[in-house]
Amino acid sequence: MTRESTGNSTALHFETALRFDWTRSEVQSIYRTALLDLLFRAQTVHRQFHPPDRVQTCQLISIKTGGCPEDCAYCPQSAHYDSDVERHGLLDPQHVISVAQDAASRGVTRFCMGAAWREAPNGREFDKVLEMVRGVSALGMEVCCTLGMLTEGQAVRLRDAGLTAYNHNLDTSPEFYGSIITTRVYDERLQTLAAVRKAGITVCCGGILGMGEKDTDRVGLLHQLATLQPHPESVPINLLVRVEGTPLAHVPALDPLEMVRAIATARILMPASRVRLAAGRKELSTEAVILCFLAGANSIFVGEKLLTTPNPGADEDELLLQNLGMKPLEPHAV
Ligand code: SAM
Ligand code: DTB
Ligand code: SF4
């Protein structure tokens, strides 16, 4: 049973079941529940809101790569660090649309275009992004962009072009944020999220685990997300991809069970949202990935590349879903 397939009255019933007033100590106590109890609770909630055998497949493309003025310590695209990422300017819209078309033909239902910008530019480049959005939207896919900070006016123009979702992550707790990024503040992220909401675009907002944060920071991030009203429709939980040249290249690997706990907690706090097991699948064992699904993840990125780093290939993912008896979501009719 899904929200989408149940009709308005059930959707309303679910809305009233959602909570936005979670306290940080409640989130902490869910996060620290004995693991098997936590998984059982998350799976129970998951089955009330989502079909357990469905996973949404999303594909990313980097439409503008590298040279970003922000100093996000995790990011190989920051101009502050010396990674191997090759810079390129904004791609040609027709090329991007043809990549989306190819993805749609393989059953991908959400296409996300990412740009290494501090904020979305105005003028010719923004017009090109609008052209990409119009083209991808015409394929009947969910269209997502992540372009950095956005004004209300830009959000409205993206919505009018057919954008269905905007990704803008809070990344970590407010307290830890300043240890990871110094070129912007948490509140600026919240302002862009508000502009996106106001324009009527759905929100995709999550974070990154494994950056050397404490579990109280993971709790702090989940608490921020779960007290946004409405909840983000999509919650990407990324495991840090440690890239040589970035300040976080050598942080110790995170215990994968922390990833499982975070996904289960997100599922319990935001039952109707799509929780995405996002970056870092290549660093997880198959067993850990399966636990993430059991914890309530129901979306993944597919395709050999995320934005600049590797992701499992199509054959590997097909086998994974086949072994789990899970199927990709049906594409929307155009
Ligand atoms: N520049 C825009 C921004 O920061 O919002 C959009 C692109 S940025 C690459 C999108 C998201 O990718 C970031 O918010 C971050 O959460 C995630 N990300 C970047 N580098 C990552 C890494 N090495 N591992 C995991 N997630 C990463
Ligand atoms: C999100 O939360 N994760 C995606 C998407 N939103 C844009 C990006 C992951 C990037 C991983 C590092 C890279 O490939 O450059
Ligand atoms: Fe720039 Fe986004 Fe990377 Fe930060 S995460 S450096 S804003 S591309």
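Every number here is computed from the coordinates shown, using simple stated rules; none is lab data. Model, not experiment: these values are computed from the prediction. We place every Cβ from the backbone using ideal geometry, glycine too, and count neighbours over all the protein chains shown.
Of Leu239, Ser98, Phe40, which is farthest along the charge dipole of the chain in the positive direction, counting Lys and Arg as +1 and Asp and Glu as -1 at C-beta?
After comparing all options, I get Phe40.
Kirkwood Rh, region 2-329, all Cα pairs: how many Å?
19.9
Between Glu318 and His80, what is the label-point separation in nm under the 7 Å Cα-to-beta-carbon projection?
So the label points at His80 and Glu318 sit 4.3 nm apart.
Per-residue counts of other Cβ atoms within 10 Å, averaged by peptide: what ranking do you get for 265-277, 282-294, highest first?
265-277, 282-294
Specify whether the C-alpha gyration tensor of region 118-267 places it in the rounded, prolate or oblate class, a ≥ b ≥ c being the square roots of the eigenvalues: rounded for a/c under 1.5, otherwise prolate if a/b is larger than b/c and oblate if not.
prolate
With point charges of +1 on the Cβ of Lys and Arg and -1 on the Cβ of Asp and Glu, referenced to the Cα centre of the chain, which listed residue (Ala266, Ala199, Leu170) lies farthest in the positive direction of the dipole?
Of the options given, the answer is Ala199.
Could you tell me which residue out of His50, Ala314, Ala295 lies farthest along the dipole of the chain toward its positive end? Charges go on the beta carbon: Lys and Arg +1, Asp and Glu -1, centred on the Cα centre.
Among His50, Ala314, Ala295, the one farthest towards the positive end of the dipole of the chain is His50.
Given R₀ = 41 Å, what would the calculated FRET efficiency be for Gln48 paired with Thr151, taking r from the Cβ atoms and rounding to 0.05?
Result of the calculation: an efficiency of 0.60.
In whole Å, how far is the Cα centre of region 233-311 from that of region 108-177?
Using only Cα atoms, the two centres lie 21 Å from each other.
List the pairs from Lys128/Lys327; Lys305/Lys327; Lys64/Lys282; Lys282/Lys327 whose alpha-carbon separation is above 31 Å, in the order I gave them.
Lys128/Lys327
Which of the aspartates and glutamates could a cross-linker span from Lys198 if the Cα-Cα distance has to be under 12 Å and same-chain partners fewer than 8 positions apart are dropped?
Glu152
Using just the helices of the chain, give the 222 nm mean residue ellipticity in deg cm²/dmol: DSSP H runs with n ≥ 4 each add -39,500 (n - 2.57), and the total is spread over all residues, rounded to 500.
Estimated from H runs of four or more residues: -12500 deg cm²/dmol.
If you take every residue apart from Glu316 with its C-beta less than 11 Å away from the C-beta of Glu316, what net charge results, scoring Lys and Arg +1 and Asp and Glu -1?
-2
Assign unit charges at the C-beta atoms only (+1 for Lys and Arg, -1 for Asp and Glu), then state the dipole size of region 167-232 relative to its Cα centre in Debye, rounded to the nearest 20.
That gives a dipole near 260 debye.
Only four residue types carry charge here, +1 at the Cβ of Lys and Arg and -1 at the Cβ of Asp and Glu. Report the dipole size of the chain about the Cα centre in Debye, rounded to the nearest 20.
With Lys and Arg at +1 and Asp and Glu at -1, about 720 debye.
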